[in-house]
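Report on one structure; see the data block that follows.
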Amino acid sequence: MKMSQKKIFLVFVAISTVSLLLHHGGHLSWTFEGFHLGCPVPRSHPSPGLKPKHTNVAFLKTHKTASTTMQNLLFRFAERNNLTVALPVQACGHQFCYPRSFTSHFVHPHTLPPNIITSHMRFSKAELQRLMPNDTIHVTILREPSSMFESLFSYYNQYCQSFKRVPNGSLEAFLAEPWRYYRPDEKDAMYARNTLTFDLGGDKDRPATDVAYARAFVAEVERVFSLVMIAEYFDESLVLLRHLLSWDLDDILYVKLNMRTMSSKRSLTPGLPAKIRAWNSLDAHLYDHFNASLWRQLSALGPACVAREVRLLRQAQERLMRRCFGGRMPLLRSAAQIKNKDLRPWQPSGKVDIVGYDLPINLSNGFLSPAQELCLKLIMPEVQYTRLLLRSQSLRYRRGFQLRPPQQSHSPQQPMRSLMPRHSQVHHIQPIHVVAAGAASGTGSTSTSKTAVGNQGQTTKLGPKFSQAL
């Protein structure tokens, strides 16, 4: 009898093991590989007993640095985990009234109190401390100044007067005599000099000879931001982010967004990179410092472990892309070629072509399943996703407000922050187990842009290349 029970038990264990192998597939190979390398094993599911995910994050979205891709990642993380994202009031558009210095008054009341903030702003440490939870982790991203400035010059040439007045739109002409065209105090001047420094709240026009200011500014950024990502090493930066926040591998999947076509880019002739760095000396100082800092952190984690996680990330990303796009990688399309208006990226001017993605024909009509909705949001441009998220959170706020007893209704004497419901009826999207290799592209629609209307509701009904891609 005992022998029979033992056999039954062994059969049960064998069946359970096979089931586990079939269910998890490639995920078990991560564990075996991690064990072999002596690395921390990336999770694809929440696991009991492990450190909980950190959910309070302030991401300073800088310009033309792959930040739109990072914003999309954070939007999707917030929705999956029923978190609140601080979004701009309608008068500010889809940015926090940039280039004005951020204030909590720019935050839509239906998106309070927030767990995550990630839309464009000019950084203000004091205002963010007033708005965000005490345990908020601050993150931002930088890009090599010469490639970034070329992107800025191309992207904003119809908005920034310092660029617009240059004959024939010549970057060489601007850099030959920048003070001939640049006006420090005019509208959109922040795109023409030390844009990263300006976004971080610094003085973009501090002379390059003021080395003490540059060092003090870098030190302050280092004190505030727990991680400064580098666009050229986007995947490696995501590995550090995952460890910093105790996130799963599924949480850092992305698709490159807000990319220019090759015809919209210009190659830099010899000598131009040095001139760009000299004109943007504060940005160059920031980049050099935090690029070196990034590699020190990666070295501490272990080069073999980092390479392994990057490889697993890219493999998982590729699987997700193939599942979302009918077994093949998605094709980049111009805005005019994208049938679904909710997936058309904003175009800064007729001289710059920003490309996006379209869903396969079999997903182009009717309502989407949760998995298909994930695919839609994975490629949704910034403006449309911001609108969609604001509608979703406003609906959650109104439902929560209606459910409150009368004595808990909002009154002017009560702080609005304490009255906003953090958790309510938010549609959860189950992650597809996991990324297309490569880095992501930055954002950069100007504050004067017109916002497009996105979809709303919990089910979605559709309507009728890394640093080289920026």
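The values are calculated or read from the model by the stated rules, or taken from the named source; none is laboratory data. What you see is a predicted model, and the numbers here were worked out from it, not measured in a lab. Methodologically, a virtual Cβ is constructed for each residue, glycine included, from the backbone with ideal geometry; neighbour enumeration extends over all protein chains shown. Surface areas here come from the heavy atoms of the whole protein model, side chains and all, with no ligands, DNA or RNA. Shrake-Rupley method; radii C 1.70, N 1.55, O 1.52, S 1.80 Å.
Checked against the criterion of being surrounded by fewer than 22 Cβ atoms within 10 Å (Cβ to Cβ) and out of contact with any Cys (no Cβ under 8 Å at 6 or more places or on another chain), the stretch 56-67 contains one or more residues that satisfy it. One residue is enough: does the stretch 189-202 have a residue meeting the conditions closer than 19 Å to Ser281 by Cβ, in a helix (DSSP H, G or I) and open to solvent by 10 Å² or more (accessible area, probe 1.4 Å)? Yes: one or more hits. Can you find even one residue in the stretch 145-157 that is open to solvent by 20 Å² or more (accessible area, probe 1.4 Å) and closer than 26 Å to Thr118 by Cβ? For the stretch 145-157, residues open to solvent by 20 Å² or more (accessible area, probe 1.4 Å) and closer than 26 Å to Thr118 by Cβ: present. Confirm whether Asp205 is open to solvent by less than 20 Å² (accessible area, probe 1.4 Å) and of a type in the set (Asp, Glu). No: the conditions fail for Asp205. Residues in the stretch 90-111 that are touching a strand residue (DSSP E or B) at 6+ places or on another chain (Cβ under 7 Å) and farther than 15 Å from Lys61 by Cα: Phe106, Val107, His108, Thr111. Remark: pairs (first residue in the stretch 168-186, closer than 22 Å to Pro99 by Cβ and open to solvent by less than 90 Å² (accessible area, probe 1.4 Å); second residue part of a helix (DSSP H, G or I) and hydroxyl-bearing (Ser, Thr, Tyr); Cβ separation under 7 Å; 6+ apart in sequence or on different chains) = Phe174/Tyr181; Tyr181/Ser162; Tyr182/Ser162.
Which of the residues spanning the stretch 229-249 are open to solvent by less than 10 Å² (accessible area, probe 1.4 Å) and either basic (Lys, Arg) or within 14 Å of Leu294 (Cα to Cα) (or both)?
Within the stretch 229-249, Met229, Ile230, Ala231, Phe234, Asp235, Ser237, Leu238, Val239, Leu241 qualify.
Does Lys204 fit the bill of being at pLDDT below 95 and more than 29 Å from Phe77 (Cβ to Cβ)? Judged against the criteria, Lys204 is not a match.
Of the listed requirements (1) of a type outside the set (Lys, Arg); (2) open to solvent by less than 10 Å² (accessible area, probe 1.4 Å); (3) not in a helix (DSSP H, G or I), Gln317 misses just one: (3).
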